[in-house]
Structure formats: structure tokens, C-alpha cells
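Right, one structure below, let's go through it.
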Amino acid sequence: MYDKLNFTIKENPVILGIESSCDETAAAVIRGRKLLSSVIISSAEEQAKYGGVVPEIASRAHTDAVDEAVIRAVKEAGVSFKELDAVAVTYGAGLLGALLVGLSFAKSLAYSLNIPLIGVNHIRGHLAAAYLCDGELKPPYVTLLASGGHTAILHTKTYTRFEVLGSTCDDAAGEAFDKVARILGLPYPGGPNVQRLAENGNANIQLPQALVKNSDRMQFSYSGLKTAVMNYCHNAGQRGEKINPADVAASFQVSALEPLVRKTVECAKKLGADTVTAGGGVAANGYLRARLFEECKKANLKLILPEKKYCTDNAAMIAAEGLIQYREGNFASLDLNACAQIPLNNI
Ligand code: KG4
Ligand code: ZN
């Protein structure tokens, strides 16, 4: 009988992480906070043909790739399946059909090996990526979270608890990158393509900053910025003027990212924190990374920035959050279901 209350907790467990919430089928193995392997099989190229992620195509791609990803991750880690102490898997948020592929695989594995199953909130995974990047990192610190669905600055107080200091009141930063990519006629995935284009442009177009002024709470806003980009391109078209797409991309990038950098550093100073971390797909952006580095250095703050491949979706971060939940003894039953949406504060 599989019983989630029957497991003992080891000091430095070997944890397999599985991620399948969107278009990346990923598996990774950690031992304690040491990353042993990370495999990512992406269906982005296939999705690009349709201009975005088609859920059914994502689910089928996960079904094709999940066993290969897991087998490779275990092999490259130099461990055997019998040495695994737990399986951590993303149970939400994400595309339901896609999540169910990873979740069903993880459940079967946990059952057959009789090891704990750990359900991981994908966004908590993004936050935990920083722990693999610096083995010494421990709360409290300030975190910038910027992904396709979330944009927030957090005060990470303990391994499991954080306070949201400010967040977006409309679109997420990644979503804005994707929408601006579409306006500029760039293919999926939008964010990296906007960045690439911006590298050849000058930020010389006046656009609104992605920050709500005169608000009691710190709030970001991306819908006005996106509309301003759309109007700029539309109005130029109506006048028969040519736009320079690289300048639009560069100007957008500055307006979208500068408020995040400034507010993250301001929050850290105000709270007397000495460390800043960042996570989520947008944290892979070269401009954001360079500016965070500069401003944290000026403010004498330690910056823990996971490598780009651990900012975008991966399973190493799921294993890292799995370790936190493992140490809490927070194990799931085999009836754990997938969740399309999970509030930021839920585990
Ligand atoms: O964290 P992530 O991989 O998936 C979510 O959990 O949402 O983030 C995906 C988002 C997308 O909107 C993508 O356009 C954006 O992150 N992104 C970037 C870059 N790489 C990915 N945005 C700006 N610059 C990048 N280099
Ligand atoms: Zn993600």
C-alpha cells in the first residue's frame, strides 16, 4: 500500500523533477542542492508554426518525450532509478492536458519505486531555481519574479513563505513581450526574439513606463505600454512612414524592464536586505540581467541570477522546490490532480 505518511526524510535526498506545464518536457535530478542533470525537450519549433502554444500539440509532444527526458536525466545524473528518494512534479499552473502527462508519469514512478510524490507549484519552482545557483543562499531576500503569467517583487521571508511587495495590475511582463513580438511580426517565442531585435536598435522612442504612478501600492502595468507600441506602429503606418522595428523593440524593452530593476533594488534597500534573486522566463533577458547586475552592484547588493536556461521552464527548478517541500514532509497522495491556475501564494 502506498502511504504518503510512511516515508522517512533524508538529509540530502536524490530528487527527480518533472516539468510539463507548457511546451517544454523537462526532467532533472538533484542531490541535496547540487544539480546532477537537466534535460529539456522543447516543442517550441513545432508550436512556432501556429504562432503560439497549441495545447493538444503540447500534450502529444509531452507524451512522446516524457520517458526519454526522464531516462536521460537519471542516466546523466549517474544514479539508478532505485537511488531516487522522491519525485517532484509540476501539478499547476499550466495547460491541463500537458500537466497531466508529467503528473501521471510521476505518480506511476513514485508508486512503483515506493518513494514520496511531491506536487510543485510551477511559479514556486521559478523562485527556487536560485537555490541551485548558489548553495549558500538562504532567506530572507528580495526576489524579482517575471514570467509569462506573473510579474511581482517578493520579500522571501523563509523557504516557504513570502510577501508580495508589488505586482502587475494587468498583463505580465512576458505576456507583453509576446504581444509586442506579434505587433512587430516576430515569430513565437516572442520574448527572445524581441530581445534579439532590440540589440540592434536605439531606445529613442518615447513610451510609457510599465509602472502605475500615484498608487499607494507598488503596481506595474503592461497593457498601456503595449497599446502605446501598437499606436506608434499604427500611426506611422497611416502616415505612410516607415518605422524602425529595432528601435521600437529597444524602446519597449527599456520601458518594460527599467521599472522592475529600479523597484527591486529600492525594495531591497528599504527592507535592509543584502541579497536579490530573480526568476521566470523574463529573467533570461540580457538587458534585464545586465541592468540588475549594474544596479545591485551600485547598491552593494548580492545578486543571485540563475543561468538563462534555469530562468525559462526547466525541471531543475521543480526538483529544487521539491527539495523544500521534501524537507517540510509535504508529500502528495496518488490522487493529486492537475490545476490550471494556482494563486501565487499557494504552495
Ligand atoms: O517562465 P516562463 O518560461 O514560463 C512561464 O511560466 O510563464 O516564461 C515565459 C515568458 C514568455 O512570455 C517569454 O516571451 C518570456 O518569458 N521570455 C523572455 C525572454 N525569454 C523568455 N522575455 C524577454 N526576454 C527574453 N530573453
Ligand atoms: Zn515558467
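Things to note:
- The range 155-171, residues that are closer than 24 Å to Lys226 by Cβ and either in contact with a helix residue (DSSP H, G or I) (Cβ under 8 Å, 6 or more places away or on another chain) or away from ligand 1 (no atom under 14 Å from the Cβ) (or both): Val164, Leu165, Gly166, Ser167, Cys169, Asp170, Asp171
- Count of the range 191-248 residues which are more than 20 Å from Ala146 (Cβ to Cβ), open to solvent by less than 40 Å² (accessible area, probe 1.4 Å) and touching a residue at least 12 places away in the same chain (Cβ under 8 Å): 6
- Taking every residue in the range 270-281 that is on the phi > 0 side of the Ramachandran plot and open to solvent by less than 20 Å² (accessible area, probe 1.4 Å) and pairing it with any residue that is within 16 Å of ligand 2 (Cβ to nearest atom) and not in a strand (DSSP E or B), at least 6 positions away or on another chain, the pairs with Cβ-Cβ distances below 6 Å are Gly280/His126; Gly280/Ser147.
- The range 315-347, residues that are of a type in the set (D, E, K, R) and assigned to a loop (DSSP other than H, G, I, E, B): Asp335
- Qualifying positions in the range 305-347 - under 17 Å from the mean Cα position of the chain (by Cα) and small (Gly, Ala, Ser): Ala315, Ala316, Ala319, Ala320, Gly322, Ala340
- Contacts under 6 angstrom Cβ, first residue in the range 134-152 being among the hydrophobic types (A, V, I, L, M, F, W, C), partner part of a loop (DSSP other than H, G, I, E, B) and modelled with pLDDT of 95 or more, 6 or more apart: Val142/Ala273; Leu145/Gly280; Ala146/Gly280
- Between Glu295, Glu266, Glu307, the distinction of being among the charged types (D, E, K, R) and either within 16 Å of ligand 2 (Cβ to nearest atom) or within 30 Å of Pro116 (Cα to Cα) (or both) belongs to Glu307 only.
- Residue selected from the range 107-123 under the condition under 22 Å from the mean Cα position of the chain (by Cα) and under 14 Å from Tyr326 (Cβ atoms), by the criterion nearest to ligand 1 (Cβ to nearest atom): Val120
- Selection status of Ile18, under 16 Å from Gln325 (Cα atoms), within 20 Å of the chain's Cα centre (by Cα) and either surrounded by fewer than 17 Cβ atoms within 10 Å (Cβ to Cβ) or not charged (D, E, K, R) (or both): yes
- Within the range 124-177, being open to solvent by 10 Å² or more (accessible area, probe 1.4 Å), under 19 Å from Asn285 (Cα atoms), away from ligand 2 (no atom under 14 Å from the Cβ) and in a helix (DSSP H, G or I) holds for one residue alone: Cys133.
- Residue satisfying all of: in the range 1-24; hydroxyl-bearing (Ser, Thr, Tyr) and more than 16 Å from ligand 1 (Cβ to nearest atom); nearest to Glu56 (Cα to Cα) among these: Tyr2
- Residue count, the range 178-190 (criterion: surrounded by fewer than 22 Cβ atoms within 10 Å (Cβ to Cβ) and part of a loop (DSSP other than H, G, I, E, B)): 5
- Checking Lys297 against (1) in a helix (DSSP H, G or I); (2) of a type in the set (Lys, Arg); (3) modelled with pLDDT under 95, the condition it does not meet: (3)
- Only listed residue being more than 26 Å from the chain's Cα centre (by Cα) and in a helix (DSSP H, G or I), chosen from Asn193, Asn204, Asn214, Asn231: Asn231
- Set side by side, the residues Leu132, Leu145 differ, and just one is touching a strand residue (DSSP E or B) at 6+ places or on another chain (Cβ under 9 Å), within 11 Å of ligand 1 (Cβ to nearest atom) and aliphatic (A, V, I, L, M), which is Leu145.
- Flag for Ile40 being open to solvent by 50 Å² or more (accessible area, probe 1.4 Å), touching a strand residue (DSSP E or B) at 6+ places or on another chain (Cβ under 9 Å), at pLDDT 95 or above and under 30 Å from Val180 (Cβ atoms): yes
- Criterion: assigned to a strand (DSSP E or B) and touching a helix residue (DSSP H, G or I) at 6+ places or on another chain (Cβ under 6 Å) - qualifying residue of Thr277, Thr312: Thr277
The values are calculated or read from the model by the stated rules, or taken from the named source; none is laboratory data. Predicted, not measured: the structure shown is a model, and the values here were computed from it. Positions of Cβ are backbone-derived with ideal geometry, glycine not excepted, and every protein chain shown enters the neighbour counts. These area figures cover heavy atoms from the full protein model, side chains too; ligands, DNA and RNA do not enter into them. Shrake-Rupley method; radii C 1.70, N 1.55, O 1.52, S 1.80 Å.
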